[in-house]
Amino acid sequence: MPGSNERALEKARTLPADGVVFDLEDAVSPEAKVNARLQVAETLKRGGYAPREVVVRVNDRNTSWGDDDLVALAPLEFDGVLLPKVDSAEQVRAAIEVLDANGGNRHPLWVMIETPAGVLRASEIAGASKRLACMVMGTSDLSKDMRLPAEDERLGLITPLSWCVTVARAFGIDILDGVQLDLEDDSAFRQVCAQGRTLGFDGKTLIHPKQIAAANEIFAPAADEVEKAREIIDAWERARSEGRGITLVRGRLVETLHVEEAKRTLALVEAIRVLENAGQTLLK
């Protein structure tokens, strides 16, 4: 959501999304950045976005707005600071120093991985601080820097995307796929959402409310996945009660790792249910 667009910030209170990102960087023109910062700060003070997470993407500290963004946001209550164009662990630590010096020592950090250097140093960045909670792929800038042709399959991005997912899993943090800029091709959007889920992403960043429904559908467990998860847990519990360490479900061997994944699927379903119920209550 552009931080300079008051109407968009208000609309975010009604959207069926897991989180909203108030942007002070790319979506805001240079002449509007100071006012956008003030507007976002006032919006955060008013609140009203729960159960959605609220994250603010600040400007790069190499610009004249970056540190001022961090200083202004530090004392406020919200769910995370998103740092753009992170190429090194030092960028994360330096931002934390500014936040902490201004009363923001409780804020989780999110980072944009959107340059080849950021991809190469993803493991260093992920290990920069225990406050790092999420990585967000900046696929548009990354595609430009890698000189990739525009195509729906994103073949040139498969290696960096998969590598960053691996890093996120190694460090126990979440990771979100990048945005889809074409708002007219619904089929292509669903295709990249499905690809992102196949690669292991936890969700997808979006640039327009019309994309929310498809993203929610594709990244949520399908009915068959939920049914199979319950079958796996039931079969496993029966096997354990009979003193067996393995069992079969739908002709496939089931071990502890499959049970853990099944439990995660059901936990995700429950989290979605809680968010949906809370959102419906807020909208009544």
Subject >> Any chance residue 136 is in contact with a helix residue (DSSP H, G or I) (Cβ under 9 Å, 6 or more places away or on another chain), of a type outside the set (Gly, Ala, Ser) and either assigned by TED's automatic domain parsing to the domain that holds residue 148 or in a loop (DSSP other than H, G, I, E, B) (or both) >> reply: no
Original post:
Cβ-Cβ below 8 Å, separation at least six or inter-chain, first residue in segment 223-242 and under 14 Å from residue 258 (Cα atoms) and assigned by TED's automatic domain parsing to the domain that holds residue 254, second basic (Lys, Arg) and assigned to a helix (DSSP H, G or I): which pairs?
Top reply: 229/263; 233/263
Subject >> Checking residue 42 against (1) modelled with pLDDT of 95 or more; (2) under 21 Å from residue 109 (Cβ atoms); (3) not hydrophobic (A, V, I, L, M, F, W, C), the condition it does not meet >> reply: (2)
**OP:** For residues that are of a type in the set (Val, Ile, Thr) and either without any contact (Cβ under 8 Å) to a residue 24 or more places away in the chain or in a helix (DSSP H, G or I) (or both), tally how many sit in segment 8-46.
**Re:** 4
Subject >> Selected residue [buried (at least 18 other Cβ atoms within 10 Å of the Cβ) and either outside any helix (DSSP H, G or I) or not polar (S, T, N, Q) (or both)] from 215, 188, 194, 239 >> reply: 215
Original post:
Can you name every residue in segment 43-62 that is among the polar types (S, T, N, Q) and farther than 20 Å from residue 205 by Cα?
Top reply: 43, 62
Original post:
Out of all the residues in segment 167-196, which are within 20 Å of residue 23 (Cα to Cα) and touching a Lys or Arg at 6+ places or on another chain (Cβ under 9 Å)?
Top reply: 175, 176, 177, 178, 179, 180, 183
Original post:
residue 51 passes all but one of (1) touching a residue at least 60 places away in the same chain (Cβ under 8 Å); (2) touching a His at 6+ places or on another chain (Cβ under 7 Å); which number fails?
Top reply: (2)
Subject >> In segment 174-185, the residues that are under 23 Å from residue 129 (Cα atoms) and crowded, with 20+ Cβ neighbours inside 10 Å >> reply: 175, 176, 177, 178
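The values are calculated or read from the model by the stated rules, or taken from the named source; none is laboratory data. Predicted model only: the values in this text are computed from it and were never measured. Quick reminder, even Gly has a Cβ in these numbers, built from the backbone with ideal geometry, and neighbours come from all protein chains shown.
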